[in-house]
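Below is one structure, written out as structure tokens; comments come after it.
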């Protein structure tokens, strides 16, 4: 496009001689595009932030690959060594996890809750569960007779550090009085707070020896092998490699699952929700595009005489079409750039303001946000494409104006 076309388009759009109605509609069109782009950047940024945060917590707290041992076989050191030999495996460790009841105090009215009780002698970055002691961030080394509660769980039970709780095994034992649940009294050694509410509100840790004693689990027997990978997204590939290289996994009654199988529906729902919000908010830009069509149609009517003069002095239909197409592009460009600045500004402000969220509903305490450059580029491209397409019809109508008819009454 020539500098002449840019000059005329600029004059048509930003000239002080323009009629007030057209100017107001132009501003409304720009504002509509701005609101749509800003809303898209903020909403998709929040969704991306939540997706990344939740995935990070799941990767830290749950196995990327879990090899369940339903037959209660003793640990095979050769099989464990073969799993650890896989170059994609960062950690492979046997873990005991059982369902239990925990109660603080005595009596029928005492607070109680069902939990998942995990046997672990140490918690930290190099353990299957990458969590630390709440408040200090220290690596946790559990002591005999001690239980570590998630912070929400401790709050629900009203069990401060130093208090004692009763833990009941869910597999009853036969006694002279009939089946009864085995129980033990443990000291609350502290809290952990992984910032993932579902895990914190339903999980407690004791030593491996303690959980074996409570549930009468023989030495060398475990519930599953907790495997962490360099890249969690390689879980399916690594599972196939393990099945191919370790015959015991295929014939030993083991059950192998990946994090994607356990949590795939959850993250699939997040992606579907993000797509739905993207489409809904894109409708704001589409509405603004109709305003652009109306603005340009009014501009064509207002500039009928000028278009006739341009055609009379030799301007082609293509030149006229380009002038009004440029007007539509400039309206979309200004609205998109302002919306881009507003959206990124709001995203930068969200971590500073720290908007509180109910963790029991969302699994995080404050509103997360992550601005993905590729997503921003996609939003800007989509906005400009819609605005450009909206300008095509008025530009074509302007190009078809007959210069004789345009100048007949002048």
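General remarks:
- The set of residues in segment 15-38 that are surrounded by fewer than 21 Cβ atoms within 10 Å (Cβ to Cβ) and either modelled with pLDDT of 65 or more or at positive phi (or both) comprises 23, 24, 25, 27, 28, 31, 35.
- Residue check, residue 295 closer than 26 Å to residue 88 by Cβ and either assigned by TED's automatic domain parsing to the domain that holds residue 386 or in contact (Cβ under 8 Å) with a residue 60 or more places away in the chain (or both): no
- Filtered residue count, segment 245-267, keeping only those that are under 30 Å from the mean Cα position of the chain (by Cα), at pLDDT 80 or above and loosely packed, with under 13 Cβ neighbours inside 10 Å: 1
- Filtered residue count, segment 335-387, keeping only those that are surrounded by fewer than 18 Cβ atoms within 10 Å (Cβ to Cβ) and under 26 Å from residue 290 (Cβ atoms): 10
- Residues of segment 74-92 that are under 23 Å from residue 206 (Cβ atoms) and surrounded by fewer than 18 Cβ atoms within 10 Å (Cβ to Cβ): 74, 75, 80, 91.
- Any hit, segment 255-267, residues being without any contact (Cβ under 8 Å) to a residue 12 or more places away in the chain, closer than 27 Å to residue 389 by Cα and either in a helix (DSSP H, G or I) or not assigned by TED's automatic domain parsing to the domain that holds residue 329 (or both): no
- Residue in segment 146-156 that is touching a strand residue (DSSP E or B) at 6+ places or on another chain (Cβ under 8 Å), assigned by TED's automatic domain parsing to the domain that holds residue 223 and part of a loop (DSSP other than H, G, I, E, B) present: no
- Residue match in segment 123-144 (condition: modelled with pLDDT of 90 or more and surrounded by 16 or more Cβ atoms within 10 Å (Cβ to Cβ)): no
- The strands (runs of 3 or more DSSP E) falling completely within segment 159-248 that include 1 or more residues that are closer than 28 Å to residue 85 by Cβ map to 224-229.
- Filter pass, residue 336 being in the same structural domain as residue 389 (by TED's automatic domain parsing), closer than 25 Å to residue 23 by Cα and at pLDDT 85 or above: yes
The values are calculated or read from the model by the stated rules, or taken from the named source; none is laboratory data. This structure is a prediction, so every number in the text was calculated from the model and none was measured. For neighbour counting, all protein chains shown are included, and Cβ atoms are generated from backbone atoms with ideal geometry for every residue, glycine included.
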